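A short write-up of the structure that comes next.
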Amino acid sequence: MSVNQQESNYRIHYEMTQIQIDLERALKNILEQAGSKIKPEEQEELKKEVEGTKQIIELFKSRYA
């Protein structure tokens with residue numbers, strides 16, 4: 001693998017990690033700001049969907065590790 005390819009892979013991996021962090025922060029903010037307005041079962045569904053998205057991102061990241 002060339003140096004340019006390694007750098008590109010590193011950047012992609014880093015960006016995907018940042019997306020995961022931002023996604024987690026967004027979920028936390030949503031639950032803090034609107035949590036009382038969201039039914040508990042809907043909160044759990046939202047958490048599951050975010051976790052599923054994070055897992056997809058993790059799979060994507062593994063291709064660039």
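The values are calculated or read from the model by the stated rules, or taken from the named source; none is laboratory data. These figures come from a predicted structure and were not determined experimentally. FYI the Cβ positions are ideal-geometry reconstructions off the backbone, even for glycines, and counts take in every protein chain you see. Ligands, DNA and RNA are stripped out before the accessible areas are found, and what is left, the full protein with its side chains, is counted by its heavy atoms. Shrake-Rupley method; radii C 1.70, N 1.55, O 1.52, S 1.80 Å.
Taken over the stretch 39-65, residues that are modelled with pLDDT of 90 or more, open to solvent by less than 100 Å² (accessible area, probe 1.4 Å) and not in a helix (DSSP H, G or I) amount to 0. Listed by first and then second residue, the pairs linking a residue in the stretch 9-31 that is farther than 16 Å from Gly52 by Cα to a residue that is surrounded by fewer than 13 Cβ atoms within 10 Å (Cβ to Cβ), with Cβ atoms under 8 Å apart and 6 or more places separating them unless they lie on different chains, are Asn9/Met1; Asn9/Ala65; His13/Ala65.
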